[in-house]
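As structure tokens, the structure follows; a few thoughts come after it.
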Amino acid sequence: MEFNKELIAIIGNKGSGKSAIADIIALCANYKNHEYFSFLKDGKFRDGRIAQNFEASLIWEDNITQPYYSLNKKFNEKEGLIEKVKYLPQGYFENLCNETSTANSFKKEIENVVFQHLKEEEKREFNNFQELIDWKKNIVDKEIALFKEQLIEKSKEIIKLETKRNTKYAQEINNTILQKEQELNALKEPAKIEDPTADPIIAETSKITLRNINQLKKEITEIAEKIEQKRLEKISIINEVDDIKRIKEEITLSISELELIKTKHKIRLFEDYKINIDDILTIKHNYNSLDLLISKKENDINKLRYELGEIKQEIAGGEINLTKILSDKKKKYEEEQNKLDVPQKNYQKYLADVDMWKKQKRNIEGDEAKFGTLKWLEKEKEFIENNLENEISKQYEEIISTVKEIYKKKETIISIYTTVKKRIDEIININKDLLKDYEIVIDASLTINPDFEFKFFNFINQSVKGSFHGQSDGSSMLRRCLHSKDTNNINDMEMLIKEIIEFLKFDKRSRQNNEQRFIDDQIQDIENFFNFIFSLDYLGYNYNLKLGDKTIESLSPGEKGALLLVFYLLLDKDESPLILDQPEDNLDNNSVANILVPFIKNAKKRRQIVMVTHNPNLAVVADAEQIIHVNIDKKMQNKFSYNSGSIENKEINKCIVDVLEGTMPAFNHRQKKYHEQVSRV
């Protein structure tokens with residue numbers, strides 16, 4: 001059976017073997033989806049008895065003959081055969097067009113066509129659109145994860161500042177300052193007692209005891225200070241060890257990731273490019289210096305712990321136990337105190353009381369660096385009154401700067417979509433006369449996910465006064481923030497985030513006159529709320545194909561069928577033969593006339609089209625260069641026969657009329673056109 005280079009229409013009555021021809025061509029051209037065959041189907045022709053007795057082969061224009069395939073041959077992925085035709089079996093076509101809800105398979109089919117419009121360097125090594133997008137998303141997600149880590153730390157800082165902005169915090173500071181001042185006023189300096197040693201009558205032995213007491217007191221103070229220094233030193237070294245171990249863990253994790261990358265690309269780099277990946281990336285690591293440092297510092301910690309009396313000597317080594325020394329000194333101090341007479345004891349108590357009074361005063365007054373002391377509180381009050389708002393603004397600007405970096409990373413994903421959109425738009429524009437009112441629109445944009453509002457209000461306590469107070473009014477206020485914001489404009493996204501924060505800080509309800517509010521009063525989980533708002537996780541990638549104002553999901557099966565055919569007949573860059581099995585079954589009459597016919601006429605100029613149809617009208621009006629009429633005579637043991645020729649062939653004329661059952665308007669139209677052309681010649 002020979003085929004014309006352009007449009008071949010296979011016609012015949014029901015059950016005449018039309019789809020059999022299409023299935024057999026597809027089988028011999030290595031079509032993979034055998035489950036959609038309508039003739040070469042298990043339980044039908046492939047019933048275990050018939051198909052194994054038949055073979056078929058294709059001979060191509062360049063006289064290359066493919067091996068004969070048994071009509072019982074199953075697709076085997078391991079053979080790695082390349083599909084040489086594009087086949088749209090009726091079952092597959094119906095499955096795509098009748099897909100409900102997500103229309104994922106339909107989208108995937110469209111994306112396979114879309115992918116062809118990328119340049120080879122843009123496709124990289126990927127086989128389809130989804131692989132390319134997944135690869136790019138994976139890279140971008142890793143880059144965004146680093147920015148998110150920064151945001152977590154910055155969010156914690158801004159939360160502290162926002163808490164300080166709340167008038168409740170300022171009131172707490174003022175109340176605590178008042179309390180500290182009252183504590184200071186309540187401290188009474190001990191009544192002065194004269195030094196008994198000024199009396200010359202006091203014996204020399206008493207003076208010796210007093211000198212011992214003063215010396216012991218000095219030593220006790222020095223040892224206590226040294227113990228505090230050792231305690232702080234121990235905490236510092238413990239933190240250093242934790243930091244070194246964390247660095248080591250991060251290095252180990254990075255090395256593991258690099259090893260995975262090496263393993264992933266090693267074979268392909270060598271087989272395809274004869275490059276040894278070890279020449280590109282050599283991973284060396286030596287933890288000896290880190291381990292030695294950790295060991296030394298842990299040894300230092302043990303020594304300090306012994307000095308502080310926390311562990312036994314044999315564990316730490318032979319260092320001085322300061323805690324024991326201090327205990328011994330205190331015992332001696334008590335012994336010396338007991339040697340004194342009553343006046344001397346009273347004086348020593350007075351001196352101790354004075355020391356305690358000064359110490360209590362110092363503890364209350366403190367310094368600006370010591371949390372909770374009077375001077376720290378006064379400094380905090382001054383910060384709240386004079387510097388807090390500026391610091392908050394500065395921190396928000398730093399956060400917004402990081403948010404912009406996340407946005408730019410997301411833009412790199414949408415740029416792939418916009419590149420495709422631009423190429424498709426160019427083709428659509430070139431063919432606008434052919435498309436006429438058939439408006440194909442491609443959206444490639446960053447859009448806010450539909451569940452954004454739901455997630456947003458999961459954080460908001462809408463019973464508290466604020467811009468988002470009340471379920472209905474709160475939703476209206478959020479939409480007011482979103483209104484007129486272009487999610488594909490980085491400045492608009494910056495404005496949106498700032499506006500949400502502003503709406504949390506000030507009551508934007510009309511009757512509230514922009515009254516001040518506080519974020520920590522309205523948000524139930526501030527840290528996760530900020531991570532949600534600043535991460536831009538709610539900003540999704542939108543690549544949507546529309547027919548007019550309808551999305552793919554809302555198209556009827558007939559509209560989907562028309563759209564799919566437009567893509568294959570107009571936008572598909574593949575020039576391999578296209579086989580269509582009864583495409584008109586999924587279209588309404590209007591789509592057949594306005595979509596299928598003109599687009600087939602256009603597509604046949606650049607690729608061979610084999611169209612199976614039970615409507616010869618379609619073959620005639622589409623100006624098929626070849627008509628193949630097939631027939632099975634069931635009375636003659638299913639004898640198969642066919643006639644082939646142009647529409648003008650008398651024998652083909654009769655076949656068309658027989659299938660049309662006497663309705664000849666389309667044929668007469670073609671005949672008239674044909675005779676007019678002959679007359680002009």
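The values are calculated or read from the model by the stated rules, or taken from the named source; none is laboratory data. Note that the structure is a prediction, hence the values are computed from the model and not measured. Cβ: placed from backbone, ideal geometry, glycine included. Neighbour counts: every protein chain shown. Keep in mind that these areas ignore ligands, DNA and RNA; they rest on the heavy atoms of the full protein, side chains included. Shrake-Rupley method; radii C 1.70, N 1.55, O 1.52, S 1.80 Å.
Numbers below:
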| item | result |
| --- | --- |
| Paramagnetic reach from Ser415 in the range 490-521 [backbone N under 17 Å; point 7 Å along Cα→Cβ] | 490-491 |
| Ranking by accessible area, most exposed first, for Lys379, Lys245 with a 1.4 Å probe | Lys379, Lys245 |
| Approximate spin-label separation Ile400-Lys74, in nm, with each point projected 7 Å along Cα-to-Cβ | 6.4 nm |
| The chain, accessible area per residue, ligands and nucleic acids excluded (1.4 Å, Å²) | 58 Å² |
| Extended-chain gain in nm, criterion 0.36 nm per residue less alpha-carbon gap, Lys266 and Val464 | 65.4 nm |
| Difference of contour (0.36 nm per residue) and Cα-Cα distance, Lys207 to Asn299 | 28.6 nm |
| Estimated FRET transfer efficiency when R0 is 41 angstrom, pair Asp633-Lys119 (beta carbons, to 0.05) | 0.15 |
| Charge-dipole axis of the chain as Lys and Arg at +1 and Asp and Glu at -1 on Cβ define it, positive-most pick from Asn528, Leu446, Ser556 | Ser556 |
| Karplus-derived HN-Hα couplings along the range 145-160 (A = 6.51, B = -1.76, C = 1.60, θ = phi - 60°), whole Hz, x at Gly and Pro | 4, 5, 5, 5, 4, 5, 4, 4, 5, 5, 5, 4, 5, 5, 5, 4 |
| Relative contact order of the range 1-142, defined on C-alpha pairs under 8 angstrom at six or more residues apart (%) | 18 percent |
| Contact order relative to length of the chain, as percent, for alpha carbon pairs under 8 angstrom and 6 or more apart | 24 percent |
| For Arg480, solvent-accessible area (1.4 Å; no DNA, RNA or ligand), Å² | 120 Å² |
| Distance (nanometres) between label positions extended 7 Å along Cα→Cβ at Lys654 and Ile50 | 2.8 nm |
| Spatial separation of Cα centroids for the range 208-233 and the range 419-491, in angstrom | 71 Å |
| Extended-chain gain in nm, criterion 0.36 nm per residue less alpha-carbon gap, Asn175 and Thr323 | 49.4 nm |
| Whole-Hz ³J(HN,Hα) from phi, Karplus 6.51 cos²θ - 1.76 cosθ + 1.60, for the range 162-176, glycine and proline x | 5, 5, 5, 6, 5, 4, 4, 5, 4, 5, 4, 4, 4, 5, 5 |
| Kirkwood Rh in Å, taken over all unlike Cα pairs in the chain | 34.8 Å |
| Heavy atoms of Trp135: accessible area, 1.4 Å probe, square angstrom to 10 | 70 Å² |
| Computed helical MRE - 222 nm, the chain, DSSP H runs ≥ 4 contributing -39500 (n - 2.57), nearest 500 | -19000 deg cm²/dmol |
| Nonlocal amide H pairs with Ile448, under 5 Å, H built at 1.01 Å | Gly540 |
| For Leu253, net neighbour charge (Lys/Arg +1, Asp/Glu -1) across residues whose Cβ lies under 12 Å away | -2 |
| Inter-probe distance in nm under a simple model that places probes 7 Å from Cα toward Cβ, at Gln215 and Asp367 | 3.2 nm |
| Placed amide H near Leu7: partners under 5 Å, 5+ positions off or other chain | Ile609, Glu625, Gln626 |
| Exposure of Ser475 as accessible area (Å², to 10), given a probe of 1.4 Å and all protein chains | 20 Å² |
| Apportionment of accessible area to carbon and sulfur, the chain, percent (1.4 Å) | 49 percent |
| In Hz, Karplus ³J(HN,Hα) per residue of the range 492-506 (6.51, -1.76, 1.60; θ = phi - 60°; x = Gly, Pro) | 5, 5, 4, 5, 4, 5, 5, 5, 4, 5, 4, 5, 7, 7, 9 |
| Computed E for Tyr642/Asn127 - FRET, C-beta separation, R0 41 angstrom, nearest 0.05 | 0.65 |
| By accessible area with a 1.4 Å probe, ligands and nucleic acids excluded, highest first: order of Glu55, Glu157 | Glu55, Glu157 |
| Net charge, Gln626 excluded, C-beta distance under 12 Å - Lys, Arg +1, Asp, Glu -1 | -3 |
| Long-range HN-HN contacts of Phe506 with modeled amide H, under 5 Å | Arg517 |
